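Taking it in order: structure first as structure tokens, then the write-up.
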Amino acid sequence: LDEQGRPLPAGKYTWKGLYHKPVTTKFILSVHNSGQPPYKTDDNTGGWGGDHGCPTDVCAAGDDLLLSWSFCESGWGIIRVDQAGKKKWGSKHSAMFLACDGKRFFAYDPHGFEEAPGIKVFDLADSRPINWGEGGSLLTPPPGGDEQSDRVTGLACGGGDVYVSYGARDLIGVFDAATGKLKTTWSVPSPGRLAPRPDGSLAVVSGGKVLAVADGKASPLAGEHLDDPAGVAVDAEGNLYVANGGRLQNVSVFSPKGEYLRSIGKAGGRPAVGRYDPAGVLAPGGIALDAAGRLWVAETLDGPKRHSV
């Protein structure tokens, strides 16, 4: 028969066959994957983070760090790593924002398989979901909002409290970290990411600047050398680090009084298209400092999915 299955005329025909050694694979690299090893393991230390979503946040957890992605399917949306980047465990939950009190961590997950209108709490040791002290699994928003206005825009923990920004409501909710009970609310214009300061106040991204908020009273902290600030962190000495998401695409560093000191990363970041430049960050989101004083930055895009240090 010919290629179309039609009978051929009688005649003399020949055929050829090819043979070869079995087809095998050779490992070269894993895309978007810093796992050691890059594949899943029974002890949950292999593989890496989100296989679908983009990086979103990074959070100090004692000597370790928590890294998050906006979504995952086969991968993990939240992982715990040591300071060398070695994965210790992975969670199927995802997170836009993270916070930690040293024993538990808190996550806001609006995009994962288990979408929820509040803040979840997990055991830091193994990422096991647990309940708040009053028995609920979610830290629910303050009354008076709706599905849209109750979207979380920032999350932090310090001094036995959990702080949650609700940007659309110009509101920060202060919750008891043990019970999850709402203690009070503070009126702050369009609050975003926030970070506790050594003096007990908060550094809050607000309206393109950073405010210091103490007991509900807001005052200017940093406004220069900023461009569309997207993330904020504070070190043990009170120095302020602000991730710029606009044209700067780097991190500005300020003294505890808000005086500009220096910048981390190339001004303008690395190019979105073209030759890859590892010296520049791009689309920085959540940032945090580890126990060694190094700055970790979640770059909130897919090319590549990078948490830079």
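The values are calculated or read from the model by the stated rules, or taken from the named source; none is laboratory data. Computed from a predicted structure; not experimentally measured. Reconstructed Cβ throughout: ideal geometry from the backbone, glycine too, with neighbour counts over all protein chains shown. In case anyone asks, the SASA skips ligands and DNA or RNA and just uses the protein heavy atoms, side chains included. Shrake-Rupley method; radii C 1.70, N 1.55, O 1.52, S 1.80 Å.
Answer with yes or no whether ALA288 is within 14 Å of the chain's Cα centre (by Cα), among the aliphatic types (A, V, I, L, M) and under 23 Å from CYS59 (Cβ atoms). I'd like the intermediate steps shown before the answer.
Working: within 14 Å of the chain's Cα centre (by Cα): yes; among the aliphatic types (A, V, I, L, M): yes; under 23 Å from CYS59 (Cβ atoms): yes.
So ALA288 passes the test.
Taking region 139-177, which residues are open to solvent by 50 Å² or more (accessible area, probe 1.4 Å) and in contact with a Phe, Trp or Tyr (Cβ under 8 Å, 6 or more places away or on another chain)? First the steps, then the outcome.
At the first step, the residues of region 139-177 found to be open to solvent by 50 Å² or more (accessible area, probe 1.4 Å) are 140, 143-144, 146-148, 151, 159, 168-170.
Of everything in region 139-177, just one residue is open to solvent by 50 Å² or more (accessible area, probe 1.4 Å) and in contact with a Phe, Trp or Tyr (Cβ under 8 Å, 6 or more places away or on another chain), namely ARG151.
Within region 186-197, residues that are open to solvent by 50 Å² or more (accessible area, probe 1.4 Å) reach partners that are among the polar types (S, T, N, Q) and part of a loop (DSSP other than H, G, I, E, B) with beta carbons closer than 9 Å, at six or more positions or on different chains, in the pairs SER190/THR153.
Taken over region 164-179, the criterion of being under 22 Å from the mean Cα position of the chain (by Cα) and within 20 Å of SER137 (Cα to Cα) is satisfied by VAL164, SER165, TYR166, GLY173, VAL174, PHE175, ALA177. Within region 196-223, being in contact with a Phe, Trp or Tyr (Cβ under 6 Å, 6 or more places away or on another chain) and farther than 15 Å from VAL164 by Cα holds for one residue alone: ALA222.
Listed by position, the strands (runs of 3 or more DSSP E) inside region 1-113 whose residues that are open to solvent by less than 50 Å² (accessible area, probe 1.4 Å), among the hydrophobic types (A, V, I, L, M, F, W, C) and in contact (Cβ under 8 Å) with a residue 60 or more places away in the chain number at least 2 are 55-61, 64-69, 97-100. Cβ-Cβ contacts under 7 Å between residues 6 or more apart (or on different chains), taken from a first residue in region 248-262 that is within 15 Å of ALA279 (Cβ to Cβ) and open to solvent by less than 50 Å² (accessible area, probe 1.4 Å) to a second residue that is modelled with pLDDT of 95 or more and among the aromatic types (Phe, Trp, Tyr), are listed as VAL251/TYR241.
Would you mind finding the one in VAL253, VAL242, VAL297 that is modelled with pLDDT of 95 or more, within 24 Å of ALA84 (Cα to Cα) and either part of a loop (DSSP other than H, G, I, E, B) or touching a Lys or Arg at 6+ places or on another chain (Cβ under 8 Å) (or both)? Full working, then the answer.
On the way: VAL242 fails: either part of a loop (DSSP other than H, G, I, E, B) or touching a Lys or Arg at 6+ places or on another chain (Cβ under 8 Å) (or both); VAL297 fails: either part of a loop (DSSP other than H, G, I, E, B) or touching a Lys or Arg at 6+ places or on another chain (Cβ under 8 Å) (or both).
Of VAL253, VAL242, VAL297, the one residue that is modelled with pLDDT of 95 or more, within 24 Å of ALA84 (Cα to Cα) and either part of a loop (DSSP other than H, G, I, E, B) or touching a Lys or Arg at 6+ places or on another chain (Cβ under 8 Å) (or both) is VAL253.
State all residues of region 282-291 that are part of a loop (DSSP other than H, G, I, E, B), under 14 Å from ALA233 (Cβ atoms) and of a type outside the set (Asp, Glu); if no residue qualifies, say none.
Narrowing region 282-291 to residues part of a loop (DSSP other than H, G, I, E, B): 282-283, 290-291.
The next check asks that each one be under 14 Å from ALA233 (Cβ atoms); those that pass are 290-291.
Of everything in region 282-291, just one residue is part of a loop (DSSP other than H, G, I, E, B), under 14 Å from ALA233 (Cβ atoms) and of a type outside the set (Asp, Glu), namely ALA291.
Only residues that are within 27 Å of ARG197 (Cβ to Cβ) and either part of a loop (DSSP other than H, G, I, E, B) or among the polar types (S, T, N, Q) (or both) were counted in region 124-139, giving 3.
Could you tell me which of the residues ARG294, ARG306 is of a type in the set (Lys, Arg), touching a strand residue (DSSP E or B) at 6+ places or on another chain (Cβ under 9 Å) and either touching a residue at least 12 places away in the same chain (Cβ under 8 Å) or crowded, with 22+ Cβ neighbours inside 10 Å (or both)?
Testing whether each residue is of a type in the set (Lys, Arg), touching a strand residue (DSSP E or B) at 6+ places or on another chain (Cβ under 9 Å) and either touching a residue at least 12 places away in the same chain (Cβ under 8 Å) or crowded, with 22+ Cβ neighbours inside 10 Å (or both) leaves just ARG306.
Exactly one residue out of ALA236, ALA243 is in contact (Cβ under 8 Å) with a residue 12 or more places away in the chain and open to solvent by 30 Å² or more (accessible area, probe 1.4 Å), and it is ALA236. Among all positions in region 204-219, there is at least one residue which is buried (at least 22 other Cβ atoms within 10 Å of the Cβ) and either under 19 Å from THR56 (Cβ atoms) or among the acidic types (Asp, Glu) (or both).
If you check PRO278 against the conditions, is it out of contact with any Leu (no Cβ under 9 Å at 6 or more places or on another chain) and open to solvent by 30 Å² or more (accessible area, probe 1.4 Å)?
On the way: out of contact with any Leu (no Cβ under 9 Å at 6 or more places or on another chain): yes; open to solvent by 30 Å² or more (accessible area, probe 1.4 Å): yes.
So PRO278 fits the description; yes.
Screening GLY154, GLY173, GLY167, GLY159 for residues that are of a type outside the set (D, E, K, R) and farther than 16 Å from ARG193 by Cα leaves exactly one candidate, GLY159. Quick check: anything in region 213-226 touching a residue at least 40 places away in the same chain (Cβ under 8 Å), in a strand (DSSP E or B) and in contact with a strand residue (DSSP E or B) (Cβ under 6 Å, 6 or more places away or on another chain)? Within region 213-226 (the criterion being touching a residue at least 40 places away in the same chain (Cβ under 8 Å), in a strand (DSSP E or B) and in contact with a strand residue (DSSP E or B) (Cβ under 6 Å, 6 or more places away or on another chain)), the answer is yes, since at least one residue qualifies.
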